[in-house]
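Student: Below is the structure I would like to discuss, written out as structure tokens.
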């Protein structure tokens, strides 16, 4: 009877994790997370407002940046409130359905962000390789269709995951090692055969992460080939400079994601001291850093933001 009750209890909820061993200072740790949340919401909202209200920014580059800002806002809203609840109120419990909903939105938004970063790489390639046809290739209707395909691909690929997870009974330790629900970890809490989930999750990762990262890499190979063919040293540096902010966003996004995926799939005995920081960086840092990076590196956007705040 006790075992049955334990199984029922464990299958009813999960416990999220803050920073183990630092529970006494969780309130102080929450301060930088609050700042991160505010910066993410304000920074991405300002970018959306500036791009929407300034006709001179109605260009493909800034439209793709707006798509990135929307996905970053969604990631912050779906993950940061739960994280602040852990640090401020020690609110660690999350029901199964809420956990499945959270991981669905996080993975859909992450998948959409992979696609948007790929579109931004393509945008940079067209701008450098064929600047005279740039506006005719990346028209507004075509960009809208690209954005819709990105969202539909993310939703279609991730939608089966919550239903696959719902089939299981969760009778193992119900303590998650991150501040939010991620598919790689939740499925390991099941006391059933998870081979189908593991194979499907790996297939989705290959179809999204690895394919998109390969295409981004090929885009930059072609960009580098085009830049090296420019005879003027100043023009060469100018062409490379317009890719710096996108490269920073790609590195911020892919580096913790690849590290976390490798740990979950191939290095199960890895230290929590490695997993937990990577989990925070993977989910929380890109939405904070992307608006900062693009605002600092884009003179046009920075000038518009300064003008708005000065007014």
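Student: I'd like the orientation of helix 195-205 relative to the chain: the angle between its Cα long axis and the longest Cα principal axis, in ° from 0 to 90, rounded to 10.
Tutor: With both axes taken from Cα atoms, the answer is about 20 degrees.
Student: Measure nothing fancy, just the Cα-based angle from helix 96-129's long axis to the longest principal axis of the chain, in degrees from 0 to 90, nearest 10.
Tutor: Helix 96-129 and the main axis of the chain meet at about 20 degrees.
Student: Testing the spin-label approximation: label points 7 Å from Cα along Cα→Cβ at residue 202 and residue 13. State their distance in nm.
Tutor: 3.5
Student: Assuming 0.36 nm per residue, please report the length gained on full extension of the stretch residue 214 to residue 193 beyond their Cα-Cα distance.
Tutor: Between residue 214 and residue 193, full extension yields an extra 4.4 nm.
Student: So, in Å, what gap is there between the alpha-carbon centers of segment 190-206 and segment 91-142?
Tutor: Segment 190-206 and segment 91-142 have Cα centres separated by 24 Å.
Student: Full extension from residue 169 to residue 27: what is 0.36 nm times the residue separation minus their Cα-Cα distance, to one decimal in nm?
Tutor: 47.7 nm
Student: Using mean Cβ contacts within 10 Å as the protection proxy, how do 159-167, 74-82 order, highest first?
Tutor: 74-82, 159-167
Student: Here's a follow-up. Which value in deg cm²/dmol, rounded to the nearest 500, describes the helix-derived mean residue ellipticity at 222 nm for the chain, given -39,500 (n - 2.57) per DSSP H run of n ≥ 4 and division by the residue count?
Tutor: For the chain, the value works out to -25500 deg cm²/dmol.
Student: Continuing with this model, one more query. Taking 35 Å as R0, compute the FRET efficiency from the Cβ-Cβ separation of residue 156 and residue 292 and round it to 0.05.
Tutor: Efficiency at R0 = 35 Å is approximately 0.65.
Student: Compute the helix-to-body angle for 211-228: its Cα long axis versus the longest principal axis of the chain, expressed 0 to 90° and rounded to tens.
Tutor: Result, in degrees: 20.
Student: From largest to smallest, what semi-axes in whole angstrom does the chain give when each is the square root of 5 times an eigenvalue of its alpha carbon gyration tensor?
Tutor: 38, 22, 17
Student: Please give the length that would be gained between residue 310 and residue 140 if that part of the chain were fully extended, namely 0.36 nm times their separation in residues minus their C-alpha to C-alpha distance (nm, one decimal).
Tutor: 58.1 nm
Every number in this text was worked out from the coordinates using simple rules, so none of it is lab data. As the structure is a computational prediction, the values presented were derived from the model and not from experiment. Using ideal geometry, Cβ is built from the backbone for each residue, glycine included, and neighbour counts are taken over all protein chains shown.
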